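What follows is a set of notes on a single structure, which appears directly below.
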Amino acid sequence: MPASKHSHTQAADNDGLRIGQQIRDLRKAKKMTLSELATKVNKSVGYLSQVERGVSSLPIGVLQTISDALDVRVSWFFQPDADLPDQERDYIVRAGRRRAMTFSGIGAREELLSPRLSGQLILIMTRLEPGGSGGEEPRQRKGEEAGYVEAGQLELIIGEQTFLLEAGDSFSITGNEPHLIHNPGQTETRIVWVMAGVDY
């Protein structure tokens, strides 16, 4: 178990560094200063500098805001699998070869279940460690999305309402409803999201 936790932490650190470098490279390619990006996303220059160096945690909601400011989809930051067979690339996602991002500090990992990043339908699996969440800032996407709790418990906050979901439960969110997710249980929570018309 300790080795597994160590490798998970290492993956989170690697993803944090990789995503930070991608944000920096994309920002520079768009000739945007750190100060300009900070103003657009309502964060301090110091915090964004730490994000770009991979030393500060990056909640999912903040990555969404940064993506909007840099005019890319969040899925742009998923690590591609270079060894994927050509004939499978547009159709199949093998369980052991999912593109993924691990968010350090909040106990969350997102895995892309869709083979293509283009198109109107996107499938994502979110894994939350016990006590893990999607971050303190509400997630808000343009478009309709639904979720299925495959394992564990999920605390779902939509606006002023709080719901506790168990494995096998599902939910739907329409429009621009901001929502928060949290794992209140003692085991991993896995949520499969279906997003239609969502710029993710």
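The values are calculated or read from the model by the stated rules, or taken from the named source; none is laboratory data. This one's a predicted model, so the numbers in the text were calculated from it and none came from an experiment. Every residue, glycine among them, receives a Cβ derived from its backbone with ideal geometry; neighbour counts consider all protein chains shown. Note: areas computed on protein heavy atoms with side chains; ligands, DNA, RNA excluded. Shrake-Rupley method; radii C 1.70, N 1.55, O 1.52, S 1.80 Å.
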**OP:** Mind ranking L34, L128 by accessible surface for me, highest first, 1.4 Å probe?
**Re:** L34, L128
Original post:
Of I106, I157, I19, which has the largest mean-square fluctuation in a 10 Å C-alpha GNM of the chain?
Top reply: I157
**OP:** In Å and from the alpha-carbon atoms only, list the Rg and Dmax of the range 91-191.
**Re:** 13.4, 39
Original post:
Amide H to amide H under 5 Å from F103: which residues, 5+ apart in sequence or cross-chain, H placed 1.01 Å off N in plane?
Top reply: A108, R109, E110
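Of the accessible area of the chain, with the probe set at 1.4 angstrom, what percent is carbon plus sulfur? Each step should come with its number before you reach the end.
On the way: 5150 of 10470 Å².
The computed percentage sits at 49.
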**OP:** Tell me the label-point distance for the pair Q186, L123, using the 7 Å Cα-to-Cβ offset, in nm and rounded to one decimal.
**Re:** 3.3 nm
Subject >> Highest-MSF residue in the chain out of N183, N14, N42 [GNM, Cα springs under 10 Å] >> reply: N42
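Could you give the longest part of the chain that holds none of the GluC sites (Glu not before Pro) found in DSSP loops with at most 14 neighbouring Cβ atoms within 10 Å?
On the way: sites that count: E88, E136, E160.
No qualifying site falls inside 1-87, the longest such stretch.
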Original post:
Using the heavy atoms of the protein chains alone and a 1.4 angstrom probe, what is the accessible area of the chain per residue in square angstrom?
Top reply: 52 Å²
